[in-house]
Amino acid sequence: MGNFMIKSDSGKEGQAISRKFSGLEDQETIVHISANSSRSTMSAAWIPVLCLGACMLLLLPEPAGSEGAVPIAITCFTRGLDIRKEKADVLCPGDCPLEEFSVFGNIVYASVSSICGAAVHRGVIGSSGGPVRVYSLPGRENYSSVDANGVQSQTLSRWSASFTVTSKRLKKTPIKKTGNKDCKADIAFLIDGSFNIGQRRFNLQKNFVGKVALMLGIGTEGPHVGLVQASEHPKIEFYLKNFTSAKDVLFAIKEVGFRGGNSNTGKALKHTAQKFFTADTGVRKGIPKVVVVFIDGWPSDDIEEAGIVAREFGVNVFIVSVAKPIPEELGMVQDVAFVDKAVCRNNGFFSYHMPNWFGTTKYVKPLVQKLCSHEQMMCSKTCYNSVNIAFLIDGSSSVGDNNFQLMLEFVSNIAKTFEISDIGAKIAAVQFTYDQHTEFSFTDYNTKENVLAVIRNIRYMSGGTATGDAISFTVRNVFGPIRDSPNKNFLVIVTDGQSYDDVRGPAAAAHDAGITIFSVGVAWAPLDDLKDMASKPKESHAFFTREFTGLEPIVSDVIRGICRDFLESQQ
């Protein structure tokens with residue numbers, strides 16, 4: 001005999017009614033009746049959502065006029081045949097095991113397939129889950145096998161019903177700008193959840209993290225935070241995208257339970273660097289990525305390798321150590337210098353020590369000040385988000401309208417590779433003939449979309465070729481106003497002919513000003529001029545193609561060159 005439970009949204013029917021129901025051994029059946037469903041329609045809308053020993057049935061409201069309805073939460077393994085509606089909005093959980101999905105088909109899936117598996121397979125959602133719209137379709141012959149987005153679908157010769165999945169479009173509402181806009185960072189708090197810290201100190205640790213989160217000024221325009229717990233196996237408690245208010249973050253931290261096990265901090269740090277900071281989970285372009293690692297005592301595994309992996313992913317690792325090992329315990333520590341080897345940079349900025357978990361309020365503000373020091377987040381600085389690139393574009397009459405468009409396409413293809421933002425990469429463009437015209441400066445546009453749009457709309461000037469004067473103009477008027485920028489400066493010159501003036505002097509002045517020059521010549525551009533303008537080594541900073549169509553293959557060479565020079569400058 002099992003329990004038969006009926007639940008409703010409101011009124012007297014909102015009371016749970018338990019009845020003995022014959023034929024159900026050790027099972028509990030839960031039926032949810034929506035408040036706006038009439039008794040007469042109850043039998044027509046049963047939707048099984050989970051049948052794994054216990055069976056949960058939901059009575060969903062009719063789809064008519066339900067565009068704004070809240071998606072119904074399902075499991076990783078809820079199948080299409082469990083949704084007996086022509087259209088339904090569901091919510092897939094995160095971190096479903098991709099290798100365990102059972103999926104048959106491609107785009108159109110047999111109804112025996114996992115809904116969430118099909119949604120990941122089609123690219124509607126990522127590994128972090130999300131809302132999905134499900135449409136029922138007739139059965140079909142021959143469901144194909146396709147490997148996509150980490151999910152391998154299987155073939156099936158015939159099935160009686162099918163479905164497809166699309167993104168669930170939520171109603172757009174104006175987003176209120178909140179948070180401390182002077183403290184832009186995407187932060188993962190990696191807390192110690194091992195037996196080493198114990199339940200009592202674990203709660204004190206959560207209190208401290210909550211105080212830090214509150215002082216940070218979390219908001220849509222400010223820092224975003226998530227939480228990972230290190231224990232025997234790491235667990236991501238919540239992602240950056242889940243909460244954008246301090247109130248919600250504090251509640252989520254409070255609800256985190258103690259896991260126990262060994263303090264495998266290295267394993268957790270590596271997992272965080274690889275899985276936490278993705279576009280699907282809410283990471284923002286041009287914003288520093290930070291992991292604040294709390295260690296009570298010492299880690300149970302190797303943390304140095306994890307620190308290296310984090311740096312490769314552009315993540316700034318902070319170590320907050322509490323209660324350092326006493327002399328008698330040092331023999332149990334795998335590596336006494338684990339803090340220095342795991343942090344982003346071993347310069348004292350990225351390590352922080354507290355003697356114990358009591359009276360920690362005074363340590364909150366200094367830690368917050370560190371986390372908000374954007375200019376010192378060295379590990380977030382990559383060639384894609386920490387460069388200023390100005391393009392010097394030849395608009396002389398020998399180029400012609402069609403070829404000029406190919407030059408603009410070349411410029412766009414380089415620019416779109418970089419993470420353009422108010423605190424990231426900056427792009428500027430100058431067109432030159434005998435005269436020079438600043439098409440846009442470094443401070444005019446701070447989104448990639450705007451930069452690419454203005455590049456497309458640059459109008460061809462036509463005239464002579466005075467490249468030397470153009471270099472001097474660009475150094476003075478484009479790079480001059482941003483001389484205090486922390487970004488590394490690059491100038492990409494694209495020209496199709498010989499300059500009527502000297503290029504060596506202006507190029508040397510640009511080099512002396514810390515500007516790295518890439519020269520790209522087309523058609524009649526003399527190789528000597530290209531080499532005179534280019535930075536050293538000349539062979540890797542000067543390029544030539546006989547045809548304007550040959551500019552396209554040079555795009556990747558210039559991008560690689562910029563990244564190579566940036567990395568060398570950081571050594």
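The values are calculated or read from the model by the stated rules, or taken from the named source; none is laboratory data. Remember, it's a predicted structure, so these values are computed and weren't measured experimentally. Counting neighbours? That spans all protein chains shown, and the Cβs are built from the backbone with ideal geometry, glycine included. Protein only, heavy atoms only, side chains kept; ligands, DNA and RNA dropped before computing areas. Shrake-Rupley method; radii C 1.70, N 1.55, O 1.52, S 1.80 Å.
Side notes on the structure shown:
- Using 0.36 nm per residue and subtracting the Cα-Cα separation, the extra length available between Asn149 and Ala508 on full extension is 124.3 nm.
- Amide H contacts for Asn106 (H built 1.01 Å from N in the peptide plane; partners 5 or more residues away or on another chain; cut-off under 5 Å): Ser144.
- Mean separation of Cα contacts under 8 Å (6+ apart) over length of segment 72-167, as relative contact order %: 33 percent
- Computed lengthening from Lys362 to Gln570, 0.36 nm per intervening residue step minus Cα-Cα distance: 71.4 nm
- Rounded to the nearest 0.05, the FRET efficiency derived from the C-beta distance between Gln274 and His374 at R0 = 22 Å is 0.40.
- Using a probe of 1.4 Å on the protein chains alone, the accessible area found for Leu567 is around 100 Å².
- Within segment 526-564: backbone nitrogen closer than 20 Å to the Lys285 label point (7 Å, Cα to C-beta): 555-564
- Full-stretch length increase - Asp557, Val454 - with 0.36 nm per residue and alpha-carbon distance subtracted: 34.7 nm
- For Ile493, net neighbour charge (Lys/Arg +1, Asp/Glu -1) across residues whose Cβ lies under 10 Å away: -2
- Protection proxy ranking of 414-422, 450-458, by the mean of other Cβ atoms within 10 Å over each peptide's residues and highest first, is 414-422, 450-458.
- Residue ranges 346-352, 387-393 sort as 387-393, 346-352 when ordered by packing (mean number of other C-beta atoms within 10 Å per residue, highest first).
- Among the listed pairs Lys254/Lys362; Lys206/Lys448; Lys241/Lys426; Lys168/Lys381, a Cα-Cα separation exceeding 32 Å is found for Lys206/Lys448; Lys168/Lys381.
- Phe566 sits among other residues whose Cβ lies under 14 Å from its own Cβ, and their net charge, with Lys and Arg +1 and Asp and Glu -1, is +2.
- Carbon and sulfur %, accessible surface of segment 72-167 computed with the full protein complex present, 1.4 Å: 51 percent
- Residues of segment 78-92 with amide N under 17 Å of the 7 Å Cα→Cβ point at Ala161: 78-90
- Cβ crowding within 10 Å averaged over residues, with 206-212, 140-146, 107-113, 356-362 ranked highest first: 107-113, 206-212, 140-146, 356-362
- Relative contact order, percent, segment 387-569 [alpha-carbon distance under 8 Å, six or more residues apart]: 23 percent
- Modelled FRET efficiency - R0 51 Å, Thr220 with Asn262, Cβ distances, 0.05 increments: 0.85
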